[in-house]
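Only one structure is covered here, and it is reproduced in the block below.
All of the numbers you see were taken from the coordinates with simple rules; none came from a lab. Because the structure is predicted, anything quoted here is derived from the model rather than measured. Reconstructed Cβ throughout: ideal geometry from the backbone, glycine too, with neighbour counts over all protein chains shown.
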Amino acid sequence: MGEVPWRMERASLDEAPIRALLAAQFPELSVTRVERLGEGWDCETWLVDSTWVFRFPKRAEVQPSLARERALLPLLAKRLPVRVPVPEWIGKSGALFPFDFSGYRLVPGRTWDWARRPSRPLSAFEDDLVRLLNVLHGITALARQALGDEAHLEAHAPMDWHAELLRVRPVLEAHFAADSRLAALLDAAAEVPEPFAGTSVLLHYDLAEDHVLMDDAGRILGVIDWADAGLGDPAVDMIEPTAWLGPAFLERLLARYAHPVDAGLRHRVRYGAGLLALLNLAYALERGNADRAARLRRHLLEVMLPNGELFPE
């Protein structure tokens, strides 16, 4: 979370060194076209011949999580009802590049900007998401075998985003000054729920809008970026979707959720989703993105606050 710079421990890549690196490590791979796809927190991503996606780590510290991801993805590909990126090219660190890297077939679909109101019903998306979570959270034992001692995530949870909310609170207070409904949210967010103490399940851990790939009808085609996957609180995988679809969606999800629901799960999901909605608005304001900030404010009022309550007691 937050606007911490996406630190690199190496030079940024461009087309020429990527061509040289791929030719050296994968001489059997014929490369015609190389395009930059983008950059995430941990990796730069490039597309080769509209077919292969190569992720190049930016720091040594991310290599263990990417290795864990590579161990998990073949298992997920065999069992999940959506596509995942299974590495078929495994590059090793060397003189041309300091870290291990990998390449996988492009997963089709596009990301969805939830700050823009969808133009069509989302029932298909909800159906696919429920099916995905039921399967994902149900293969925990198999994932534990695949991940071994690396199965458990670090002991942090979305509720810990509260510290980040304190940082951006002045930005939100200035924005909310004329609206008592929104200003009250900042005080309500101080009531942090009790931490999860139940049985862990396999999590994606970051079902953000840029990690869920969809078609034009709203069906989920694939889910990418599994580097943070591990075992933990089932509420975590429900927070991001609830932040975009609203509390009513959470109730529909839980009515069809196939696994145990502990007493505090709703509270943790609602709290995490509320924090996330506030933080996304704060970041848009910090960047000076007035259009996105206006859409996120409207989203808070029309989707997240249908009954005047964001953080349940």
message: If you fit an axis through the alpha-carbon atoms of helix 162-176 and take the longest principal axis of the Cα set of the chain, what angle between them do you get, 0 to 90°, nearest 10?
response: 60
message: Can you compute 3J(HN,Hα) from phi for each residue in the stretch 254-270, using the Karplus curve 6.51 cos²θ - 1.76 cosθ + 1.60 with θ = phi - 60°, rounded to whole Hz and x for Gly and Pro?
response: 5, 5, 10, 6, 8, 10, x, 10, 6, 4, x, 4, 4, 4, 5, 5, 4
Over the chain: helical MRE at 222 nm, DSSP H runs n ≥ 4 each giving -39500 (n - 2.57), nearest 500: -13000 deg cm²/dmol
Globularity ratio of the stretch 167-313, using Cα Rg and 2.2 N^0.38 Å: 1.08
query: What is the helix-to-structure angle for 290-299, meaning the angle in degrees between its Cα long axis and the longest Cα principal axis of the chain, kept from 0 to 90 and rounded to the nearest 10?
result: 60
statement: Neighbour-count ranking for Trp41, Trp244, Trp89, Trp161 (other C-beta within 10 angstrom, fewest to most) reads Trp41, Trp89, Trp161, Trp244
field: Length released on extending from Asp127 to Glu194, taking residue separation times 0.36 nm less the Cα-Cα span
entry: 21.2 nm
message: Amide H of Arg36 versus every other amide H placed in the peptide plane: which residues, excluding those fewer than 5 positions away on the same chain, fall under 5 Å?
response: Leu47
task: Could you pull the Cα extents of the stretch 15-105 along its three principal axes, largest to smallest, in whole Å?
output: 37, 29, 23
- request: Mind listing the long-range amide H neighbours of Trp52? Cut-off is under 5 Å, sequence gap 5 or more, other chains count too, H placed in the peptide plane at 1.01 Å from N.
  value: Leu106
- request: State, as an integer percentage, the relative contact order of the stretch 15-105 based on alpha-carbon contacts under 8 Å between residues 6 or more apart.
  value: 24
field: Phi-based couplings in Hz for the stretch 32-45 (Karplus 6.51, -1.76, 1.60; Gly and Pro marked x)
entry: 10, 10, 10, 10, 6, 8, x, 9, x, 4, 10, 9, 9, 10
query: If each residue's Cβ is checked for other Cβ atoms within 10 Å, how do Ser65, Ser93, Ser180 rank with the fewest at the top?
result: Ser180, Ser93, Ser65
query: Under the Karplus relation 6.51 cos²θ - 1.76 cosθ + 1.60, θ = phi - 60°, what is the ordered set of whole-Hz ³J(HN,Hα) values for the stretch 188-194, x standing for Gly and Pro?
result: 5, 5, 6, 8, 6, x, 5
query: Name the residues of the stretch 216-245 whose amide N is less than 13 Å from a point 7 angstrom out from the Cα of Asp160 along the C-beta direction?
result: 233
field: Alpha carbon centroid spacing (whole Å) that separates the stretch 196-220 from the stretch 231-285
entry: 11
task: Going by C-beta contacts inside 10 Å, put Val171, Val53 in order with the fewest on the left.
output: Val171, Val53
- line: Sorted by chain and number, the residues with a modelled amide H under 5 Å from that of Arg83, at a separation of 5 or more or across chains, are Gly222, Val223
query: Angle between the Cα long axis of helix 63-79 and the longest principal axis of the chain, 0 to 90 degrees, nearest 10?
result: 80
Theoretical FRET efficiency, 1/(1+(r/R0)^6), r = Cβ-Cβ of Ala178 and Ala208, R0 41 Å, to 0.05: 0.85
- prompt: Taking Rh as the Kirkwood radius, which is the inverse of the mean 1/r over Cα pairs, what is the Rg/Rh value for the chain?
  reply: 0.97
query: Relative contact order of the chain: what whole-number percent is it, with Cα pairs under 8 angstrom and at least 6 residues apart?
result: 18
